[in-house]
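J.: So that we are looking at the same thing, I have put the structure below in structure tokens.
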Amino acid sequence: MRRFRLRSAIGTLLVVSFVGAVQAQAEEADESDPATAKEKEIEVEFPPYPNADSLLAFDAGAASGNRFMIDQTSISIGQDGVIRYVLVIRSPSGVDNVRFEGMRCETLERRLYATGRDDRTWSRSRNDKWVKITSSTLSLPHMALARLYLCDNRIPIRSAREGIEAIHRGGPRPILLDN
């Protein structure tokens, strides 16, 4: 009876040790896995509310009567590779929809962090999941930002200045060929 208890205790101890080792290995693998690493986004602070003089209009195509602008002082590239910016969508009647968003160039995804209120403060988004950027009418400004201004072949800009210059030029930097 004593031997049985001892064997049972040793068996339980071995199983618990094995499970602990496997779990530790899985956690280490998760930290080095790029798919998991992209989910480990940095904590985000909301930027100051945009001023009219810092808004930079960009072309998102003719499919919408809205005017699209980005707050050039809000553009940032995080250590997590996410480009964050304030997007202002102005309706033909002059109503502004102000949004603090993030974009992943590699996966062509966007995320809404907050929306602007009439009192020039932020309201944290209740739906802050990453969503694919598509060619639908609702994603026109995001597709334009990704394809023409903030991402170059799914690679994020290196600096806010690079994005601002692309918007001023009306598109990405021209490719120069050596003769």
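J.: For segment 66-79, just list the computed ³J(HN,Hα) in residue order, Karplus coefficients 6.51, -1.76 and 1.60, θ = phi - 60°, integers in Hz, with x standing in for Gly and Pro.
T.: Working through the residues one at a time gives 6, 10, 10, 9, 10, 7, 5, 7, 9, 5, 8, 10, x, 4 Hz.
J.: While we're on this one: Count charges around A52 for me, please; just the other residues with Cβ under 14 Å from its Cβ, Lys/Arg as +1, Asp/Glu as -1.
T.: Net charge in that neighbourhood comes out at 0.
J.: Add +1 for every Lys or Arg and -1 for every Asp or Glu among the other residues with Cβ under 12 Å from the Cβ of D71, and state the total.
T.: With Lys, Arg at +1 and Asp, Glu at -1, the neighbours total -1.
J.: May I ask you to evaluate 6.51 cos²θ - 1.76 cosθ + 1.60, the Karplus curve with θ = phi - 60°, for each residue of segment 81-95 and list the ³J(HN,Hα) values in order in whole Hz, giving x for glycine and proline?
T.: Karplus-based 3J(HN,Hα) across segment 81-95 equals x, 8, 8, 10, 6, 9, 9, 10, 10, 9, 6, x, 8, x, 7 Hz.
J.: Taking a 1.4 Å probe, which of D128, D71 shows the most accessible area, and what order do the others take after it?
T.: Result, largest first: D128, D71.
J.: Of the peptides 149-161, 76-88, how do they stack up when ordered by the mean number of other Cβ atoms within 10 Å, highest first?
T.: 76-88, 149-161
J.: Given a 1.4 Å probe and heavy atoms of the protein chains only, how would you sort T115, T73, largest accessible area at the top?
T.: T73, T115
J.: Given axes a ≥ b ≥ c from the Cα gyration tensor, I'd like to know whether segment 60-126 is rounded (a/c under 1.5), prolate (a/b larger than b/c) or oblate.
T.: Note, shape of segment 60-126 comes out oblate.
J.: Positive end of the dipole of segment 67-153, charges at C-beta (+1 Lys, Arg; -1 Asp, Glu), about the Cα centre: which of T73, G102, S91 has its Cα farthest in that direction?
T.: My answer, from the dipole projection, is S91.
J.: Related question: Under 5 Å between amide hydrogens, which residues at least 5 positions from D80 or on another chain qualify, with H placed 1.01 Å from N in the peptide plane?
T.: Amide H neighbours of D80, under 5 Å, 5+ apart: I42.
The values are calculated or read from the model by the stated rules, or taken from the named source; none is laboratory data. Quick caveat: nothing in here was measured; it's all calculated off a predicted structure. Because the Cβ atoms are built from the backbone with ideal geometry, glycine has one as well, and the counts that use them run over all protein chains shown. Please note that ligands, DNA and RNA were not included when accessible areas were found on the heavy atoms of the full protein model with its side chains. Shrake-Rupley method; radii C 1.70, N 1.55, O 1.52, S 1.80 Å.
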